[in-house]
Amino acid sequence: MYRQARYLPAGDEGLLIEFGNEIHPDIHHRVYAMARAVEEATIQGIDEIIPSYRSLLVAYDPLVINFKDLTDQLKGIEKNLAHGAIPEHRRVEIPTLYGGEFGPDLDFVANHQGLTPEEVIRIHSSQDYLVYMLGFTPGFPYLGGNLEIIATPRLKTPRIKVPAGSVGIAENQTGIYPIESPGGWRIIGRTPLKLFNPLQPPHFLLAAGDMVRFIPIDEKQYVDLLNYGSP
Amino acid sequence: MEALEILHGGTFTTIQDLGRRGYQQFGMPTAGAMDITSLRLANRLVQNDEGQACLEITFVGLRLLALRDLVIAITGGNLVPKVNGSSLPMWKTVSLRKNSEISFSGVGDGIRSYLGVAGGLQVPDIMGSKSTYIRGGIGGVEGRPLRKGDRLHIGPRLSRIPLCRLNDEFIPHYGREWKTRVIMGPQEDYFSKKGIETFTSSEYTITPQSDRMGYRLQGPVIEHRKGADIISDATCLGSIQVPGHGLPIILFVDRQTTGGYPKIATAISVDVYDLGQAKPGDRIRFSPISVIEAHEIRKNYEKRMKGCIEIIR
């Protein structure tokens with residue numbers, strides 16, 4: 001983490017507050033705390049904010065507020081952030097049917113690390129993951145956790161279509177595909193939950209700062225959840 | 001109220017408004033008109049609110065049938081619009097009789113036309129916008145480009161709409177050479193002094209690999225100083241990112257909300273709107289200005305926008 005956050009122009013409608021230059025929970029906490037504080041402050045002229053691994057982009061209307069005034073106000077907010085305070089995380093469970101037709105790469109991931117498929121499932125589903133940010137496609141979470149022991153390289157040739165809800169592994173990252181899209185991650189399972197629903201709110205299941213845990217389910221539970229939604 | 005039927009969808013025609021705002025933190029691109037200036041003017045010429053949904057027509061081939069008497073305005077790139085085979089004037093209010101056929105048959109100056117209809121095009125609002133976002137399959141008509149047989153509706157409109165036109169001095173001439181003003185950063189420190197000089201002093205060519213997501217440019221390679229990968233952070237409209245190959249990509253309305261390449265500069269908003277009219281093969285140069293200058297330019301632009309339309313009768 002930088003000793004001092006950097007306030008950088010990102011065009012004439014954007015201000016980027018950069019807190020560091022690595023993927024680290026401490027930097028995330030700072031970004032997340034700042035994002036919340038900015039939302040609560042309701043500064044005139046701020047249109048939206050976009051948190052990421054290491055920075056917060058503040059999109060603003062230059063007809064309402066100028067760069068310097070905005071910087072001054074944001075620095076004021078930053079100064080008053082309690083140092084080291086970790087904001088509370090929302091906890092979200094992701095029921096997941098591992099293996100079989102829905103997790104075609106589970107066996108490959110297991111073989112790659114000399115494990116059984118059951119061990120891969122146990123390791124993947126026995127820890128909490130922090131949602132660092134969303135991107136790639138609407139609602140796609142970049143999750144941070146400890147996956148060294150099941151880390152597997154991406155597919156050499158990405159699939160043209162990965163179904164919505166697919167849970168994948170790429171190197172030591174894991175993620176969930178919210179919509180059908182191309183993708184090169186190793187697919188180990190699928191969740192019946194909708195991560196992105198454009199037609200009715202809440203449009204997104206996850207937000208930056210959430211803590212995610214995968215819960216193994218069987219086929220019957222999968223079908224029930226698909227038909228009746230979350231219990 | 002049914003207003004228009006698509007007889008032929010053309011190369012790529014979508015419904016767009018000012019875009020979907022407020023969901024970028026969830027990874028949702030804004031979409032919206034590439035050339036916001038022309039979208040706003042098309043709406044104002046037919047007495048709509050500036051942000052109503054219009055047709056964004058890219059390249060050639062669109063043909064439409066008026067299903068009732070309509071008042072329309074066409075702005076933006078000149079795609080040689082015709083009504084029943086005769087020339088249809090741009091940048092002014094036009095009354096159309098029921099059963100008129102409108103066609104876009106060529107490519108003149110610019111590449112994207114905007115067709116505004118009094119009453120505004122009515123499709124369901126998805127997350128606060130009617131804009132089509134193709135990759136997500138949402139907005140507009142079923143989240144896809146328009147095709148033969150689609151019927152478009154309009155909302156209520158004024159009973160008498162004054163004929164207006166854009167003052168001649170405001171009618172843009174896009175040409176094939178672009179001078180785009182940029183604000184350096186936010187990651188200019190990823191580039192060597194030489195790299196920044198290359199960027200600000202060279203001419204680049206817009207390649208055919210250019211769409212609503214981004215324009216890929218061809219030209220002198222920009223040298224990095226610290227490597228070409230960054231920890232992903234947010235992108236902006238007009239962000240100019242430079243991947244490892246050293247060639248810049250300008251990001252537009254369908255861009256991913258986050259990206260892992262360093263951004264050498266960001267094009268200013270007013271110039272990005274115009275760039276929506278740039279074609280493959282066009283040449284582009286970048287000149288850095290300060291944030292303060294950019295804000296002055298934006299204020300003057302809004303002032304000019306206010307006074308640029310006159311009522312003919």
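The values are calculated or read from the model by the stated rules, or taken from the named source; none is laboratory data. Note that this is a predicted model, so its numbers are computed, not measured. No Cβ is skipped: glycine too gets one built from the backbone with ideal geometry, and neighbour counts run over all protein chains shown. Each accessible area value is taken on the protein alone, full model and side chains, heavy atoms only, with ligands, DNA and RNA left out. Shrake-Rupley method; radii C 1.70, N 1.55, O 1.52, S 1.80 Å.
Condition first: loosely packed, with under 15 Cβ neighbours inside 10 Å and at pLDDT 95 or above. Can you find one or more residues in segment B:137-147 that meet it?
yes
Can you find, within segment A:50-92, the residue that is surrounded by the fewest Cβ atoms within 10 Å (Cβ to Cβ) among those that are within 10 Å of chain B (Cβ to nearest Cβ) and part of a strand (DSSP E or B)?
A:Ala59
Kindly check whether there is at least one residue in segment B:102-118 that is within 14 Å of chain A (Cβ to nearest Cβ), buried (at least 19 other Cβ atoms within 10 Å of the Cβ) and under 19 Å from the mean Cα position of the chain (by Cα). Outline the logic, then answer.
To start, the set of residues in segment B:102-118 that are within 14 Å of chain A (Cβ to nearest Cβ) comprises none.
No, segment B:102-118 contains no residue that is within 14 Å of chain A (Cβ to nearest Cβ), buried (at least 19 other Cβ atoms within 10 Å of the Cβ) and under 19 Å from the mean Cα position of the chain (by Cα).
Out of B:Arg212, B:Arg216, B:Arg165, report the one residue that is open to solvent by less than 40 Å² (accessible area, probe 1.4 Å) and either at pLDDT 95 or above or assigned to a loop (DSSP other than H, G, I, E, B) (or both). Before the answer, list the steps.
Details: B:Arg216 fails: open to solvent by less than 40 Å² (accessible area, probe 1.4 Å); B:Arg165 fails: open to solvent by less than 40 Å² (accessible area, probe 1.4 Å).
Exactly one residue qualifies, and that residue is B:Arg212.
Residues that are open to solvent by 20 Å² or more (accessible area, probe 1.4 Å): which strands (runs of 3 or more DSSP E) entirely in segment B:35-88 hold 2 or more of them?
Details: elements: B:54-58, B:62-66, B:70-76, B:81-83.
The qualifying strands (runs of 3 or more DSSP E) are B:62-66, B:81-83.
Just to be sure, is B:Asp274 modelled with pLDDT under 95 and open to solvent by 40 Å² or more (accessible area, probe 1.4 Å)? Please lay out each step first, then the result.
Numbers: modelled with pLDDT under 95: no; open to solvent by 40 Å² or more (accessible area, probe 1.4 Å): yes.
Taking the combined requirement at face value, the residue does not satisfy it.
Could you tell me which of the residues A:Ile160, A:Ile123, A:Ile187 is open to solvent by less than 30 Å² (accessible area, probe 1.4 Å) and touching a strand residue (DSSP E or B) at 6+ places or on another chain (Cβ under 9 Å)?
Numbers: A:Ile160 fails: open to solvent by less than 30 Å² (accessible area, probe 1.4 Å); A:Ile123 fails: touching a strand residue (DSSP E or B) at 6+ places or on another chain (Cβ under 9 Å).
None of the other options fit; the residue is A:Ile187.
Residue by residue through segment B:22-50, note down the ones that are under 16 Å from the mean Cα position of the chain (by Cα) and not aliphatic (A, V, I, L, M). Show your work before the answer.
Residues of segment B:22-50 that are under 16 Å from the mean Cα position of the chain (by Cα), as a first pass: B:29-43, B:50.
Residues satisfying the conditions are B:Pro29, B:Thr30, B:Gly32, B:Asp35, B:Thr37, B:Ser38, B:Arg40, B:Asn43, B:Glu50.
Please find, among B:Gly136, B:Gly219, B:Gly185, B:Gly195, the residue that is out of contact with any Pro (no Cβ under 9 Å at 6 or more places or on another chain) and in contact (Cβ under 8 Å) with a residue 24 or more places away in the chain. Can you show your working first?
On the way: B:Gly136 fails: out of contact with any Pro (no Cβ under 9 Å at 6 or more places or on another chain); B:Gly219 fails: out of contact with any Pro (no Cβ under 9 Å at 6 or more places or on another chain); B:Gly185 fails: out of contact with any Pro (no Cβ under 9 Å at 6 or more places or on another chain).
Within the list B:Gly136, B:Gly219, B:Gly185, B:Gly195, the selection yields B:Gly195.
Being more than 10 Å from every other protein chain (Cβ to nearest Cβ), open to solvent by 40 Å² or more (accessible area, probe 1.4 Å) and of a type in the set (Val, Ile, Thr) narrows it down to one residue among B:Ile284, B:Ile292, B:Ile311, B:Ile264; which is it?
Working: B:Ile284 fails: open to solvent by 40 Å² or more (accessible area, probe 1.4 Å); B:Ile292 fails: more than 10 Å from every other protein chain (Cβ to nearest Cβ); B:Ile264 fails: open to solvent by 40 Å² or more (accessible area, probe 1.4 Å).
Among B:Ile284, B:Ile292, B:Ile311, B:Ile264, only B:Ile311 is more than 10 Å from every other protein chain (Cβ to nearest Cβ), open to solvent by 40 Å² or more (accessible area, probe 1.4 Å) and of a type in the set (Val, Ile, Thr).
State which residue is farthest from the other protein chains (Cβ to nearest Cβ) when the search covers only segment A:130-149 and only residues that are open to solvent by 20 Å² or more (accessible area, probe 1.4 Å), modelled with pLDDT of 90 or more and not in a strand (DSSP E or B).
Residue satisfying both the conditions and the ranking: A:Ile149.
Restrict the check to segment B:227-236 and report whether at least one residue is open to solvent by 10 Å² or more (accessible area, probe 1.4 Å), away from chain A (no Cβ under 14 Å) and without any contact (Cβ under 8 Å) to a residue 60 or more places away in the chain.
yes
Looking at segment B:104-133 only, could you name the residues that are closer than 19 Å to B:Gly61 by Cα and either in contact (Cβ under 8 Å) with a residue 60 or more places away in the chain or in contact with a strand residue (DSSP E or B) (Cβ under 9 Å, 6 or more places away or on another chain) (or both)? Reasoning before the result, please.
Restricting attention to segment B:104-133, the residues satisfying the condition of being closer than 19 Å to B:Gly61 by Cα are B:104-116.
Matches in segment B:104-133: B:Phe104, B:Ser105, B:Val107, B:Asp109, B:Gly110, B:Ile111, B:Arg112, B:Ser113, B:Tyr114, B:Leu115, B:Gly116.
Of A:Val31, A:Val38, which residue is in contact with a Ser or Thr (Cβ under 9 Å, 6 or more places away or on another chain) and part of a helix (DSSP H, G or I)? If you could, list the steps in order and put the result at the bottom.
On the way: A:Val38 fails: in contact with a Ser or Thr (Cβ under 9 Å, 6 or more places away or on another chain).
Result: A:Val31 is the single residue among A:Val31, A:Val38 that is in contact with a Ser or Thr (Cβ under 9 Å, 6 or more places away or on another chain) and part of a helix (DSSP H, G or I).
When A:Val223 is evaluated against the numbered criteria (1) outside any loop (DSSP other than H, G, I, E, B); (2) within 14 Å of another protein chain (Cβ to nearest Cβ); (3) out of contact with any Gly (no Cβ under 9 Å at 6 or more places or on another chain), which criterion, by number, is the only one it fails?
Against the list (1) outside any loop (DSSP other than H, G, I, E, B); (2) within 14 Å of another protein chain (Cβ to nearest Cβ); (3) out of contact with any Gly (no Cβ under 9 Å at 6 or more places or on another chain), A:Val223 comes up short only on (2).
Limited to segment B:226-255, what total is found for residues that are of a type outside the set (Val, Ile, Thr) and at pLDDT 95 or above?
Going residue by residue through segment B:226-255, those that are of a type outside the set (Val, Ile, Thr) are B:226-229, B:232-234, B:236-239, B:241, B:243-248, B:251-252, B:254-255.
Adding the requirement that they be at pLDDT 95 or above leaves B:234, B:236-239, B:241, B:246-248, B:251-252, B:254-255.
Of the residues in that region, 13 qualify.
Could you check, for segment A:1-18, whether at least one of its residues is open to solvent by less than 30 Å² (accessible area, probe 1.4 Å), facing chain B (nearest Cβ under 7 Å), within 18 Å of B:Ser269 (Cα to Cα) and acidic (Asp, Glu)?
Yes.
When you go through (1) modelled with pLDDT of 95 or more; (2) in contact with a Lys or Arg (Cβ under 7 Å, 6 or more places away or on another chain); (3) on the phi < 0 side of the Ramachandran plot one by one for A:Thr152, which number turns out not to apply?
(1)
Based on what the data block shows, is B:Glu223 open to solvent by 40 Å² or more (accessible area, probe 1.4 Å), in contact with a Ser or Thr (Cβ under 6 Å, 6 or more places away or on another chain) and away from chain A (no Cβ under 14 Å)?
Values: open to solvent by 40 Å² or more (accessible area, probe 1.4 Å): yes; in contact with a Ser or Thr (Cβ under 6 Å, 6 or more places away or on another chain): yes; away from chain A (no Cβ under 14 Å): yes.
So B:Glu223 passes the test.
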